[in-house]
Amino acid sequence: MKPMRILVVDDEIEFVTTLVERLELRSIEAEGVTRGSEALQRIAEKPFDIVLLDVKMPGIGGMEVIRKIKQEHPEMHVILLTGHGSAEAVEEARLAGAFEFLMKPVNIDELLRIFRLASSD
Amino acid sequence: MAPHDRGGPAEVRMERPAELHSRTHYRRLWKTMVISTSVVALLPLIILTIISYLQYKKTFRMESINPVHNLTATTKHSLEFFLSERLSALTMVINSTPFERLADGDGLAGTLANLAQAFGGFIDLGLIDAQGKQLSYAGPYNLGGRDYSDQEWFHEVGYRDVHISEVFMGYRKYPHFVIAVKQQLEGSDFYVLRATIASERLNQSIMFTNLDPSSDAFLINKHGVIQSPSRFYGAVFEQCPLSLPPLGTDAQVVEENDEAGRPIILGYAPVERSPFILVLVKRSGALMGNWATLRTELFGFVAFSALLILLVIVYGSTYLARQVRDADAKRADIFHKMEYTNKLAAIGRLGAGVAHEINNPLAIISQKAGLMKDIVTMTEEFPKREKFLDLINSILKSVDRCSNITHRLLGFAKHMDVQTEPIHLELLLKEVFGFLEKEAMHRNLNVSFDIADDLPTILSDRGQLQQVFLNILNNAFAAVPDGGDIGIAIYPNGELYEAVDIKDNGSGISEENLKHIFEPFFTTKKGGGTGLGLSITYGIVEKLGGRIYVESEVGVGTKFTVMLPIKREP
């Protein structure tokens, strides 16, 4: 698997730090932020291969963030993560260009499988 | 709620939406319909009947009874005049003629001739002394010397001074009657002048009355024996078949049926100072008909019409009441289905809220446990590695179980049973608000609570109330802009109710829309709400024995007030 740069965006700091640490243990370059605005700033500074994005966040929400990312970086893969998903939300995510829509809590092996799918896409 | 255009403050109270009423409700509806339509339909008929009844009666009297009465009275008077004229003549003769001249047969004959000439009808004259012996006689029969002392009329004239007899045949072999007057002498001595008068003269004065062919006039005595010829009821001396009501002194008229059952108008009057009773009969003409028949026909017609009207009313009311009941049942059925659908939606939303709240911490637990597992796995020579891996796997399995539950909760849909339990409204409101707290935080909404002290718990249905307040709060959240204000106030309302105000400073609702706000399928949400939320809310509040009011002003905000009974009525 070629090296991947991953950005984890979630308002739960505990979730972000732990997931980042676990990805790094697997030799994946990962970074975490807790705000949508922060995420956009980081992406502007340097590109990532994959963005793991929480839908519901204070300030700029996940849906808005994905639209902005896709405007600037259409090639960047965004995987949406949510506590609950309705059919409408899944549809909205697809239209916005999300690579995948995942329900929390998510298993790390499942996450890695999707990363691989995304990077080989 | 979407923005609205115009309008001022308003308050709306809604009728309870479709609900199946009890049988007695429709019974009462039916009764009301039957009674009110019957009154409206029958009252004019009855009034009209009474008016025509009275009018007919009046006409009938005018046309038949009054003439009979008048004729009876006139005839009675002319009969009385006829008799008193002859009595006066006799009295004058006995007063003015010396006894000797009367006792002399020739003198008496002269007097008879004078009387017969002046008055007519006098057949013979006799003079009788106090012992009843006929002293002299003038007339066509040979009756001189007859003794009347044992005759009843003689005793009567003795103490009454005058006498008029019934009609009889006597020695003379033709109908006649007798009048007698007494002349008192000194002491107990007296003499009597007795005259026989042919009944024909009497008959003439009755027949003198102009009678039409359907009428009859005749005399009877007190035993009902006919005294003068009758057209319809028999010859002289026969028993009259008519029975008379009790006599007065004046002419009286009754409606009767004669012996053959023919309707007649019967006039009758006693002829004063005589044994005669005048009877006047008029057979009711075909034109007028009998009053009794007419009355029967009139009431028969009314009764038949009333019966027909009642039948139509009863049939119509039964049909209408059934239609109303069927329509209500249909409405109630539809409403029930809508309530059910909305309930599912609301519970789904509730489940989603819960799932979201739990999935976030679950995600953290999952990652933390995962990291622990990573560390245990990746560290060489980790003491008690197997034990730790077991523990961590156990945590991860539990996380999986939890996530299964929350995922199932997202599709949760179950019919809630109505259950009554003690509820603290403050806790319930805060609980419901908890589901929306995150949204309030994200949108910087300012939500304030104003709770009265010492609020008692109320007896109500927890699940239903959650749905009510979730619906109202959702509406409030939709109405306010980001950073808007929402106020929740709970306070007692009288001794029986507790009230909850939910107030927002959102767009407000126009007066026009406010009228429809609780109606099913009414929505102003862009993109289309189901229009069921507030309708269901309304239905639940009513079902729980409460009331819901809404006040709103465009551009200022909206306030919903829910009043709930502290104790549920059974």
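Where a number appears in this text, it was derived from the coordinates with a stated rule and is not lab data. Nothing here was measured: the structure is a model prediction, and the numbers come from that model. Note that we place each Cβ from the backbone using ideal geometry, even for glycine, and neighbour counts take in every protein chain shown.
Worth a mention:
- Relative packing of peptides B:34-40, B:372-378 - highest average C-beta neighbours within 10 Å first: B:372-378, B:34-40
- With neighbour counts taken as other beta-carbon atoms within 10 Å, the residues B:Arg28, B:Arg86 rank, fewest first, as B:Arg28, B:Arg86.
- Sequence of A:Ser119, B:Ser64 once ranked by neighbouring C-beta atoms within 10 Å, starting from the fewest: A:Ser119, B:Ser64
- Descending semi-axes in whole angstrom, ellipsoid equivalent of chain B, from the Cα gyration tensor: 123, 22, 21
- In order through segment B:122-135: 3J(HN,Hα) via Karplus (6.51 cos²θ - 1.76 cosθ + 1.60), integer Hz, x for Gly, Pro: 6, 9, 8, 9, x, 10, 10, 8, 4, 8, x, 8, 6, 7
- In loop segments of segment B:142-202 as defined by DSSP, the GluC sites (Glu not before Pro) with at most 16 further C-beta atoms inside 10 Å of their C-beta are B:Glu186.
- Shielding value for B:441-450 is 1, the average number of Cβ atoms from other chains within 10 Å of each residue's Cβ.
- Prolate/oblate/rounded call for segment B:185-343, Cα gyration tensor, a/c under 1.5 rounded: prolate
- Normalised by 2.2 N^0.38 Å, with N the number of residues, the alpha-carbon radius of gyration of segment A:1-56 equals 1.05.
- Annotation: extensible slack from B:Lys31 through B:Leu54 equals 5.0 nm (criterion: 0.36 nm per residue apart, minus Cα-Cα distance).
- Efficiency of FRET between B:Glu381 and A:Arg35 - r from beta-carbon atoms, R0 56 angstrom, step 0.05: 0.85
- Dipole moment magnitude, nearest 20 debye, segment A:1-88 about Cα centre, only Lys, Arg, Asp, Glu C-beta charged: 260 debye
- Charge dipole of the protein assembly as shown about the Cα centre (unit charges at C-beta), most positive-ward option of A:Met57, B:Asn360, B:Asn203: B:Asn203
- Net charge dipole, the protein assembly as shown: roughly 1440 debye, given to the nearest 20, about the Cα centre with Cβ charges of +1 for Lys and Arg and -1 for Asp and Glu.
- Evaluating 6.51 cos²θ - 1.76 cosθ + 1.60 at θ = phi - 60° for every residue in segment B:38-51, the Karplus couplings come out as 4, 4, 4, 7, 8, 4, x, 4, 5, 4, 4, 5, 4, 4 Hz, glycine and proline recorded as x.
- For peptide B:353-363, the mean count of partner chain Cβ atoms within 10 Å of a residue's Cβ comes to 6.
- Under the convention that each Lys and Arg Cβ holds +1 and each Asp and Glu Cβ holds -1, the size of the dipole of chain B around its Cα centre is about 1780 debye.
- Of the peptides B:306-312, B:188-194, the ranking by mean beta-carbon count within 10 Å, highest at the top, reads B:188-194, B:306-312.
- Of the residues B:Ala235, B:Val271, B:Phe388, the one whose Cα sits farthest towards the positive end of the charge dipole of chain B is B:Phe388 (charges of +1 on Lys and Arg Cβ, -1 on Asp and Glu Cβ, taken about the Cα centre).
- Axis angle, to the nearest 10 degrees, between helix B:291-378 and the longest C-alpha principal axis of chain B: 10 degrees.
- Between B:Glu495 and B:Leu310, the FRET efficiency estimated from the beta carbon spacing at R0 = 45 angstrom works out to 0.35.
- For segment B:416-565, the Kirkwood estimate of hydrodynamic radius, built from reciprocal distances between every pair of different alpha carbons, is 15.7 Å.
- For the peptide A:4-14, the mean number of other protein chain Cβ atoms found within 10 angstrom of a residue's Cβ is 2.
- With neighbour counts taken as other beta-carbon atoms within 10 Å, the residues B:Leu125, B:Leu396 rank, fewest first, as B:Leu396, B:Leu125.
- Shape descriptor for segment A:28-121: Rg over Rh equals 0.92 (Cα atoms; Rh from the Kirkwood inverse mean 1/r).
- Protection proxy ranking, peptides B:68-77, B:47-56, average beta carbon neighbours within 10 Å, highest first: B:68-77, B:47-56
- Counted by Cβ distance under 11 Å from B:Ile364, the other residues give a net charge of -1, where Lys and Arg count +1 and Asp and Glu count -1.
- Among residues other than B:Phe232 with Cβ under 15 Å from its Cβ, the summed charge is -2 (Lys and Arg +1, Asp and Glu -1).
- Diffusion coefficient, µm² s⁻¹, Stokes-Einstein with Kirkwood Rh over alpha-carbon pairs of segment B:203-291 at 20 °C and 1.002 mPa s: 161 µm²/s
- The residues neighbouring A:Val20, those whose beta-carbon lies less than 13 Å from its own, together hold a net charge of -3 under the Lys/Arg +1, Asp/Glu -1 convention.
- Amide proton proximity set for A:Gly32, modelled H, under 5 Å, gap of 5+: A:Val8
- Legend: Rg and Dmax of the protein assembly as shown, from Cα coordinates, 60.3, 190 Å.
- Residues B:Ser149 and B:Phe99, FRET efficiency given R0 of 22 Å [Cβ-Cβ distance, rounded to 0.05]: 0.70
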